[in-house]
1. Is one or more of the residues making up the range B:78-92 closer than 23 Å to B:PHE129 by Cα, among the aliphatic types (A, V, I, L, M), surrounded by 24 or more Cβ atoms within 10 Å (Cβ to Cβ) and over 15 Å from the mean Cα position of the chain (by Cα)?
2. Within the range A:71-80, track down each residue that is touching a Leu at 6+ places or on another chain (Cβ under 8 Å) and more than 8 Å from every other protein chain (Cβ to nearest Cβ).
3. Going by the conditions given, is B:HIS142 touching a residue at least 40 places away in the same chain (Cβ under 8 Å) and farther than 22 Å from B:GLY87 by Cβ?
4. Quick test for you: out of A:VAL61, A:VAL68, pick the one residue that is within 14 Å of chain B (Cβ to nearest Cβ), more than 20 Å from the chain's Cα centre (by Cα), crowded, with 18+ Cβ neighbours inside 10 Å and assigned to a helix (DSSP H, G or I).
5. I need the full set of residues from the range A:132-150 which are more than 17 Å from A:PHE56 (Cβ to Cβ) and either within 14 Å of chain B (Cβ to nearest Cβ) or of a type in the set (Lys, Arg) (or both), in order please.
6. Considering only the range A:36-54, I want to know if a residue exists there that is assigned to a helix (DSSP H, G or I) and within 14 Å of chain B (Cβ to nearest Cβ).
7. Within the range A:4-58, take every residue that is acidic (Asp, Glu) and under 19 Å from A:VAL145 (Cα atoms) and give me the one that is surrounded by the fewest Cβ atoms within 10 Å (Cβ to Cβ).
8. For B:LYS173, which of the numbered conditions (1) buried (at least 24 other Cβ atoms within 10 Å of the Cβ); (2) touching a helix residue (DSSP H, G or I) at 6+ places or on another chain (Cβ under 8 Å) fails to hold?
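The values are calculated or read from the model by the stated rules, or taken from the named source; none is laboratory data. On a predicted model such as this, the values are computed, not experimentally measured, just so you know. Methodologically, a virtual Cβ is constructed for each residue, glycine included, from the backbone with ideal geometry; neighbour enumeration extends over all protein chains shown.
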Amino acid sequence: MKRFAAFLESLLLTPGRNQKIGYMVEYFRDAPDPDRGYALAVLTGNLSFRQVKSKFLKDVVLEKVDPVLFDMSYDYVGDLAETIALIWPEHGNSNLPTLSGLVEELESVQPAKLAPLIAEHLSSATPTERWAIVKLATGNLRIGVSARLAKTALAEFGGKTLDEIEHIWHGLEPPYLDLFAWLEGRGALPEVHRHRIFHPMMLAHPVDEEKELPAMNPAEWQAEWKWDGIRVQLGLGEAEKTMFSRTGDNIAHTFPDLVKTVNGSAVLDGELLVGRDFMPMSFNALQQRLNRKTVSTKMLADYPAFVRVYDMLFDGDKS
Amino acid sequence: MNLLRHDLYVDPIKAFIDPHEPVERALITHAHGDHARSGHGSVLATPDTIGLMKLRYGEDGAKKWQAVDYEKPIHLGPVTVTFYPAGHILGSAQILLETKDQRICVSGDYKRYPDKTIPAFVPVPCDIFVTEATFGLPVFQHPDPLGEAMKLLKSLQRFPDQSHLIAVYALGKAQRLIGLMREIGYTAPIYLHGSMINMCSYYQSRGIDLGDLRKATGLTKDELKGQLVLAPPSATKEVWSRRLSEPIIGMASGWMTVKQRIKQRGVELPLVISDHADWNELTQTIRDTQAEEIWITHGREDALVYWCQQQGLKAAPLHLQGREEEEEAE
C-alpha cells in the first residue's frame, strides 16, 4: 500500500503529462503482480466496490470525529478523501495489507465487518496512505490521469502502440496478468472475443476542394451523409454487447434502449444519433444523453437513440 | 474590567501588543512583519526580536528600544510583564500580563514541535489565554519535521542532476529547514536567495550552527545542479528561478498538508514543516494554560471557538486588523 500511495501522490502532484507517464511506466516496471494490475484498474476506472460509498465512509469517520468540526474541515479542504485522510484522529504504526490484499478484502468482506475493517486500516496508515485507501475504496480518483493516459503509459512500458492496447483492452479483466505477461514479452497476445475488441476507426476528415477533389475518381468512392452525432462501433456477441466511442470507451451502459434492439453476431461502424422515427435531432439533443451514469425513463422517451450504420466490419467471424 | 482590551491594548500601561499602526508604546511578540512594524515610540521585546527588527528597519525603526530577557519579570506600574519562549522563531515570545487580580497571556505565534534553532515553548498558566489559530482545523496534524527533512534528502539523492528549489519564509523557516537538514547529516553547501542571507547571518551570529551557506546569485545553472537552493515563496515563481535548470520545486510550510493546495501552488515536493501550532498543539496548549477564557487572534477561529465551547470554556474571536492570512502567515 505504501508504494501505491506514494505513486498516486506523485501522479497528483506532477503537472507534466510526460512525467506522469514516466511515473506510471516506473510503477508498472517495479510493482509486482497482481498489485500493478489492480493499480491499472484503479487508474482506468475499472475497479469499484459496491459497498463503499462516500456516505458510508463519512459515517465511519463520524464515529470518531465531531460532526461540526468535520463539516468545517470538509468545507475548507473540499475533497472528501483528503478530509478523511487528514482528520482521522488515530495514528497507529501497524502494517497495512498490500494493494491486492486490500482489494481482495474489500471484495470479500461481509457487510457488517466492513466499517471496522476500514477503520482499522485508516488507523494504521499515514495521511497519504489514508488518502489512497479512500480514493481506492470509493473509486473517485481525481488525480489528473485519464484512462487514455494510463494506456499510453502501458504502451510505452511494453513498447507497443496505443492502438494495440486499445484493440484488446475491453476484452481484459483486472488484474491483467496476461496483459503484463504480453507487454513484458513473457506471454502471447491475450486472446479476446471479437465483439469485445475495439477496432480503431478511420475518421472523416475534410478534403481540399482545389487540390484533392479533382484527383478523386467518383467510381472509386462512395458518398455518405456526414451526420451530426458521434461515431460509434457496435460489437454484438451472444452474451454481451459493446458500444465503443471513437476513443475506445465502452458507452453501451448509457444507451440501454439502443443496445436492447440490436442482436446477432457482428461488428458495426456507424453514427450514434437521437430522435423519433429515425429522424436525427440536433447534436445538442444527443449531448443530453452522453456521460450519464443512470438514464431516466423521461430521458429515454424524449431522446430515443439509434445508429446510422456506415459499415459492417465483421459479419459473425468474417471480415 | 479586563487588563487587556480586545484590540490588545493594555490600558494601565498605555501599551499595545503587536500593533498594526505606529503607537507610543508597543510590546512585540516576535519579528515577523505582520506583528513587528516600524515607527513606534518605544518597543519592548526580547533581545533577538529587537536585533531582527533593527536588521529589517534599521536603528531608527523605533525611537526607543528596550530589551527584556525571557522569564525576567519587569514591573510597569501596576502591571508585571514577563516574556516566555513561544517556540515560533528566534526571539519569539508569549507575553504574560499580570496584576494581583488577573493573569493574561498573549501567545503571539507559537509551536511546540522540536526546533533546535530556538528555545522551546513554555506553557504559562493564566486566566485568559490569547491564542493564534493559523492551523485551527482538525485536518492540520503536522508530521515529525525530521521525517519531512528526510523526504528532501531522499529527493536530493534520487535526482542528483536537478536543483532543488525550496520555498521558505526568510525568517524562521529558512533557518529551521537548514538546521533540520544538518541534523540528518546533509553537509553540502546550501545556496540562498539574496533576501535570506541577512537573517541567516543573524542566526549564525547568535551561535546557531547552520553549516556552509552560500549565495545562489551569480552562479551558473551547472554550478547549482544537484544543489539545495532556498528562496522566498514569491521567487520560486519568478524570473529568479529560471537560473536553475529543471528545478524540483518544493515548499516547506504547514499549508503543504492539503494536496489540492499543493497542486494549486505547483509544488512537486511538499514538506509539511510548520512554525505554527497544529490542531493538537492548539487544543493541548489551551488545556495546559488552564485558562477559562480563550481569545483567538487570527487564523481559522470558528473551529477553535466551537471546540472551546464544547469544553465549557468562554471563547471569542478578535478579528485583529493587519494579520496576514493564508500562505503569507508564516
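1. no
2. Passing the criteria: A:TYR74, A:LEU80.
3. For B:HIS142, the condition - touching a residue at least 40 places away in the same chain (Cβ under 8 Å) and farther than 22 Å from B:GLY87 by Cβ - is not met.
4. A:VAL61
5. The answer is A:ALA132, A:LEU141, A:ARG142, A:ILE143, A:GLY144, A:VAL145, A:ARG148.
6. For the range A:36-54, residues assigned to a helix (DSSP H, G or I) and within 14 Å of chain B (Cβ to nearest Cβ): absent.
7. Looking at residues that are acidic (Asp, Glu) and under 19 Å from A:VAL145 (Cα atoms), I get A:GLU26.
8. It is condition (2) that B:LYS173 fails.
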